[in-house]
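The values are calculated or read from the model by the stated rules, or taken from the named source; none is laboratory data. Source: prediction; values computed, not measured. Every residue, glycine among them, receives a Cβ derived from its backbone with ideal geometry; neighbour counts consider all protein chains shown. Just the protein is used for accessible areas: all its heavy atoms, side chains included, with ligands, DNA and RNA removed. Shrake-Rupley method; radii C 1.70, N 1.55, O 1.52, S 1.80 Å.
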Amino acid sequence: MGGLQLVSILHGIVVCKINFVFYAPSLLVVAGLFLCYNQKWVSILFCGDMDMKSVKLLDCTLRDGGYLNDWNFGQKAIRGTAEKIAETGVEFFEIGFIKDEAPNPDRTVFPSVQSIAPFISPKSPALVYLGMIDCKCPPSLDSIPDYDGSSVDGIRVIFKKDKIDFAYDYCRGIKEKGYMLFVQFVGTDSYSDIEFVETIQKFNALQPYAMSIVDTFGTIKRKQFLRLVYLADNNMDKNITLGYHAHNNLQQAFGNAVTMVEMNLNREICIDACVFGMGRGAGNLNLELFADHMNENYGTSYHIEPMLEIMDDYLNEIYSRRFWGYCLPYYLSATNGCHPNYAIYLEEKHSLTEKNFNEILRSIPAENRRNYRREDAEKFYKQYMDQYVDDRKTVADLKKIFAGKTVLLLAPGMSIVRECGRIRSFISEKSPVVVAVNCIPPGYSYDFVFSSNMRRYGDIQDFPGNAKKIVTSNMKNLGGWDYMLNFSSYALSEPDLIDNSGLMFLNFLRTVSPGQVYVAGMDGYSTEGNYFKQSADYDSATFNRRNTQIQEKLLEFSRELKISLITESVYRV
């Protein structure tokens, strides 16, 4: 077996998505000796025997970076950046958006293809010039002239899932006019595997120059990224370039791009990047860093100095006014699956703790998280602030009561009636702090009553006993309570469970470090009804899903709390 054949076999083993189970250890010994003898093959084994013409870089600083300054770079910076990018050896340069807007020579939003020409003339023969069109507001195809080489050479078309059919027809028109066509799947991680494959297969028919995985919200981690790359590579026509456009909210851009190169796909790939990482949210992949990585590891010869000059001459001043890069708000927007503009909106309030910030993002309905509208952001912010209370003193006071203590929660299941005698004996024996949750079951005495449900609180608000009432801030306008906790701090992320009072109180207990926690009456949802008080409602149509979710939360909480269920229940801890 020749050395190259051996390396090819081993490389296939390394890059394939399989568990590493080897049945020929002697082969690895021989390979190890061979690799030690000829160190050159080490990089080939793990990085691929690569034709470096297959990896190309695309600069999109003036387009994606424009989200930070409304694309108002100024004529000098636009022309200067175009000239310096041509000196770097980068293969593609995207100068800005093409939109049907009033002309402004200082902005990289161009009213027509023709209006770009003065900014890139004379064109470098080694550089491919691109513009971008958003299918949300595209110029008419009739306004785009046939390609004649005087302006951009190609057009990148971005679109969301709900615009696939429109985008297909639009892209076909761009291709027919003679431009290089780049197809950009906005929010690629929002596609199911089937949707992604079907969309790729649909656009294969157009034979675009490239199709790109687009991490719009900077949320795609390595495992998901690998899956998307494999799906794309296995379903795209082999003549089509696979692109990757990253955002860096979770700091995944550089690692994912390196991984994509090391996969040594049998096709051209194109990596998007911006000088200085300039871009919306935490920014984009840094062009200067990735180009330097390619030079160092793959023998390319990108010139880094012109990129540094772009930073110094044009971008540093913008950066001083409008920060981009990793920060907690952008991290939180990504982990909550939210459009980064929500983070920008909330950060500009200058009045929120990071806890508040996270709670507001968590409160945004799933259907609104990926589509930002300022009026929605204002609504969600106001809703949160209408309910928010600073409960730090309250929590500190309750911690003095609950810390290290045995606690018994009485939930409103039928078992607290059926097993009343046994529960009362338990109380007599253990002397726990007794908390009734959303109910006043007969035959018991309580230390506290907890409610997060306005309708249920109406039944217990005027309870004449000595129990102290703990409520959540969604009831701040109601009277009769002794302690108020901030609702969003203890609400659950699952929509079905968001205000489940039993789970909310357990969630609260995690902050006050009790001793043993016992629970009675958490029976589980049942088609036969499971509440001792018939007016207490439950969703019989979804009880299986709810029971499963509650079971999962109990297991999660039991990692921090010592929880025991002392009455009959569908749940286990």
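A few remarks follow.
- Contacts under 6 angstrom Cβ, first residue in the range 69-82 being on the phi > 0 side of the Ramachandran plot, partner at pLDDT 95 or above and open to solvent by 20 Å² or more (accessible area, probe 1.4 Å), 6 or more apart: Trp71/Arg107; Gly74/Asp106
- Of all residues in the range 454-468, exactly one satisfies the criterion of being of a type in the set (A, V, I, L, M) and within 17 Å of Phe487 (Cβ to Cβ), namely Met454.
- Qualifying positions in the range 366-392 - in a loop (DSSP other than H, G, I, E, B) and under 28 Å from Tyr483 (Cα atoms): Tyr388, Val389, Asp390, Asp391
- Condition broken by Phe323, with the remaining ones in (1) over 30 Å from Lys163 (Cβ atoms); (2) in a helix (DSSP H, G or I); (3) hydrophobic (A, V, I, L, M, F, W, C) satisfied: (2)
- Search result, residues across the range 411-456 that are in contact with a Ser or Thr (Cβ under 8 Å, 6 or more places away or on another chain), among the small types (Gly, Ala, Ser) and on the phi > 0 side of the Ramachandran plot: Ser431
- Residue that is nearest to Asp162 (Cα to Cα), among those in the range 188-223 that are touching a Gly at 6+ places or on another chain (Cβ under 8 Å) and not hydrophobic (A, V, I, L, M, F, W, C): Thr216
- Any chance Val113 is open to solvent by less than 10 Å² (accessible area, probe 1.4 Å) and either closer than 27 Å to Asn295 by Cα or aliphatic (A, V, I, L, M) (or both): yes
- Annotation for the range 387-404: no member residue is surrounded by 14 or more Cβ atoms within 10 Å (Cβ to Cβ) and among the small types (Gly, Ala, Ser).
- In the range 313-331, the residues that are closer than 15 Å to Gly281 by Cα form Cβ pairs under 7 Å with partners that are acidic (Asp, Glu) and part of a helix (DSSP H, G or I), at six or more places apart or across chains, as follows: Leu328/Glu354; Pro329/Glu347.
- Among the residues making up the range 141-169, a single one is closer than 29 Å to Phe217 by Cβ, touching a strand residue (DSSP E or B) at 6+ places or on another chain (Cβ under 7 Å) and open to solvent by 10 Å² or more (accessible area, probe 1.4 Å): Ile158.
- The range 170-226, subset free of Cβ contacts under 8 Å to residues at least 12 places away in the same chain and among the charged types (D, E, K, R), residue surrounded by the fewest Cβ atoms within 10 Å (Cβ to Cβ): Lys223
- Number of positions in the range 473-516 that are in a loop (DSSP other than H, G, I, E, B), more than 21 Å from Phe357 (Cα to Cα) and open to solvent by less than 30 Å² (accessible area, probe 1.4 Å): 3
- Residue match in the range 332-346 (condition: under 30 Å from Lys562 (Cβ atoms), at pLDDT below 90 and not in a loop (DSSP other than H, G, I, E, B)): yes
- The condition (being farther than 17 Å from Val471 by Cβ and in contact (Cβ under 8 Å) with a residue 60 or more places away in the chain) is satisfied by just one residue among Ile427, Ile416: Ile416.
- Test: Glu317 is open to solvent by 60 Å² or more (accessible area, probe 1.4 Å), modelled with pLDDT of 90 or more and out of contact with any Asp or Glu (no Cβ under 6 Å at 6 or more places or on another chain): yes
- Scanning the range 351-363 turns up no residue that is closer than 24 Å to Asp70 by Cβ, modelled with pLDDT of 85 or more and part of a helix (DSSP H, G or I).
- Top-ranked residue in the range 451-472 [being touching a Lys or Arg at 6+ places or on another chain (Cβ under 9 Å) and open to solvent by 20 Å² or more (accessible area, probe 1.4 Å); ranked as nearest to Cys439 (Cα to Cα)]: Asp459
- Hits in the range 72-89 - residues which are open to solvent by less than 30 Å² (accessible area, probe 1.4 Å) and either over 17 Å from Lys123 (Cα atoms) or in a loop (DSSP other than H, G, I, E, B) (or both): Phe73, Gly74
- Every residue from the range 273-302 that is aliphatic (A, V, I, L, M) and open to solvent by less than 10 Å² (accessible area, probe 1.4 Å): Ala273, Val275, Met278, Ala282, Leu285, Leu287, Ala291, Met294
- Candidate set from the range 234-257 (those that are part of a helix (DSSP H, G or I) and open to solvent by less than 20 Å² (accessible area, probe 1.4 Å)); member that is nearest to Ala282 (Cα to Cα): Ala253
- Every residue from the range 275-320 that is outside any helix (DSSP H, G or I), out of contact with any Pro (no Cβ under 9 Å at 6 or more places or on another chain) and within 21 Å of Ala343 (Cα to Cα): Met278, Gly279, Gly283, Asn284, Leu285
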